[in-house]
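For reference, the structure discussed in these notes is given below.
The values are calculated or read from the model by the stated rules, or taken from the named source; none is laboratory data. Everything numeric in this text was worked out from a predicted model, so none of it was measured. When we count neighbours, we look across all protein chains shown, and the Cβ atoms used for this are built from the backbone with ideal geometry, even at glycine.
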Amino acid sequence: MDTATPSQQPTGSAPVPNRDQNTWAMICHLSALAGFIIPLGNIIGPLVIWMIKKDEFPLVADQGKEALNFQISMTLYYIIALILIIVLIGIILLIGLAVFSLIMTIIAMVKANEGVAYRYPMCIRFIK
């Protein structure tokens, strides 16, 4: 006879092995949003979190590198778009890149909080 109450029954999803690890991995991605306020904050934020926590949590080591690679890639894309302002297409590209960056960062934050190693699209792997 099963004596477990309904709240003690498994829900079908695997338990999160390390909540702190997932939280810090999410903060790696979240800190990239500092770039909307501070110049190069999108690179400095994930770099600081990654450097502090990479040896403590394997997911943070992985997602920190991923966040850094994506933010460095986006910075290069922003520079190209700024140059293309001369031919007027750069304005549209800058807006599109900002929206794309925000959406992808939010998706990565959610995935990292679930403990999933997320891979950004359009990301150049500078740090391996």
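Any residue that is surrounded by 21 or more Cβ atoms within 10 Å (Cβ to Cβ) and at pLDDT below 95 - is there at least one of those in the range 9-19? No; the residues of the range 9-19 include none that is surrounded by 21 or more Cβ atoms within 10 Å (Cβ to Cβ) and at pLDDT below 95. Taken over the range 76-89, the criterion of being assigned to a helix (DSSP H, G or I) and either over 21 Å from C123 (Cβ atoms) or among the hydrophobic types (A, V, I, L, M, F, W, C) (or both) is satisfied by L76, I79, I80, A81, L82, I83, L84, I85, I86, V87, I89.
Would you check if there is a residue in the range 75-88 being of a type outside the set (K, R), closer than 16 Å to R119 by Cα and free of Cβ contacts under 8 Å to residues at least 40 places away in the same chain? The answer is no, given that none of the residues of the range 75-88 is of a type outside the set (K, R), closer than 16 Å to R119 by Cα and free of Cβ contacts under 8 Å to residues at least 40 places away in the same chain.
Of the residues in the range 76-110, how many are in contact with a Phe, Trp or Tyr (Cβ under 6 Å, 6 or more places away or on another chain) and under 10 Å from H29 (Cα atoms)? Talk me through it step by step, then tell me what you get.
In the first step, residues of the range 76-110 are kept if they are in contact with a Phe, Trp or Tyr (Cβ under 6 Å, 6 or more places away or on another chain); the result is 97, 104, 108.
This time we only want the ones that are under 10 Å from H29 (Cα atoms), so: 104, 108.
The qualifying residues number 2.
If the requirement is being out of contact with any strand residue (DSSP E or B) (no Cβ under 8 Å at 6 or more places or on another chain), at pLDDT 95 or above and closer than 17 Å to N42 by Cβ, which of these qualifies: M104, M122? Step by step, each of M104, M122 is checked, and only M104 is out of contact with any strand residue (DSSP E or B) (no Cβ under 8 Å at 6 or more places or on another chain), at pLDDT 95 or above and closer than 17 Å to N42 by Cβ. Go through the range 72-106 and report how many residues are at positive phi and hydroxyl-bearing (S, T, Y). The total comes to 0. In this structure, I49 does satisfy being surrounded by 20 or more Cβ atoms within 10 Å (Cβ to Cβ) and touching a residue at least 12 places away in the same chain (Cβ under 8 Å).
Checking the condition of a type in the set (A, V, I, L, M), more than 10 Å from the chain's Cα centre (by Cα) and crowded, with 20+ Cβ neighbours inside 10 Å, which residue from L59, L30, L94 passes? From the options L59, L30, L94, the qualifying one is L59.
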